[in-house]
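The values are calculated or read from the model by the stated rules, or taken from the named source; none is laboratory data. Here the structure is a predicted model, which means the values were calculated and not measured. When we count neighbours, we look across all protein chains shown, and the Cβ atoms used for this are built from the backbone with ideal geometry, even at glycine. The protein model used for the area step is the full one, side chains on, heavy atoms only, and it has no ligands, DNA or RNA in it. Shrake-Rupley method; radii C 1.70, N 1.55, O 1.52, S 1.80 Å.
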Amino acid sequence: MLKYLLIGTTLLFTSQAYAELLQGHVVGISDGDTITLLDDSNIQHKIRLSGIDAPEKKQPFGQASKQSLSDLVYNKAVKVDWTKKDRYGRIVGKVLVNKWI
């Protein structure tokens, strides 16, 4: 029994989450933590920024939050490093913006 427990624990800690990389141009900002990306195949993807939470548009500071995100990424080339989707089907990931992309 101990042998199987050790094997199971080893497998649990050695399994890797494989990140995917998506790139394209930001064509829309929904709110302070959600963007729309258009990839090279002209497919739109809803992206939720991981690690942050921002007010909804109708909440206090919602429009300011949306504008701040827009100033950072709208109409720019980005890469999205992601590993999961949320319950609404949006990709959840880190959005990377660089001049060289």
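Annotations for the structure displayed:
- Near pairs, Cβ below 6 angstrom, 6+ apart or cross-chain, from the range 14-27 (under 13 Å from Ala77 (Cβ atoms)) to any residue that is open to solvent by 60 Å² or more (accessible area, probe 1.4 Å) and modelled with pLDDT of 70 or more: Val26/Tyr74; Val26/Lys76
- Subset of the range 30-54 (residues that are β-branched (Val, Ile, Thr) and open to solvent by 60 Å² or more (accessible area, probe 1.4 Å)): Ile43, Ile52
- Flag not set for Val27, criterion: at pLDDT below 95 and surrounded by fewer than 16 Cβ atoms within 10 Å (Cβ to Cβ).
- Pair list, Cβ under 6 Å, 6 or more apart: the range 42-53 residue more than 15 Å from Leu21 (Cα to Cα) and in contact (Cβ under 8 Å) with a residue 24 or more places away in the chain, other residue buried (at least 17 other Cβ atoms within 10 Å of the Cβ) and among the charged types (D, E, K, R): none
- Selected residue [out of contact with any Asp or Glu (no Cβ under 7 Å at 6 or more places or on another chain) and at pLDDT below 95] from Leu38, Leu5, Leu21: Leu5
- Considering Lys57, Lys76, the condition of being among the basic types (Lys, Arg), touching a residue at least 24 places away in the same chain (Cβ under 8 Å), open to solvent by 70 Å² or more (accessible area, probe 1.4 Å) and within 24 Å of Glu20 (Cα to Cα) is satisfied by Lys76 alone.
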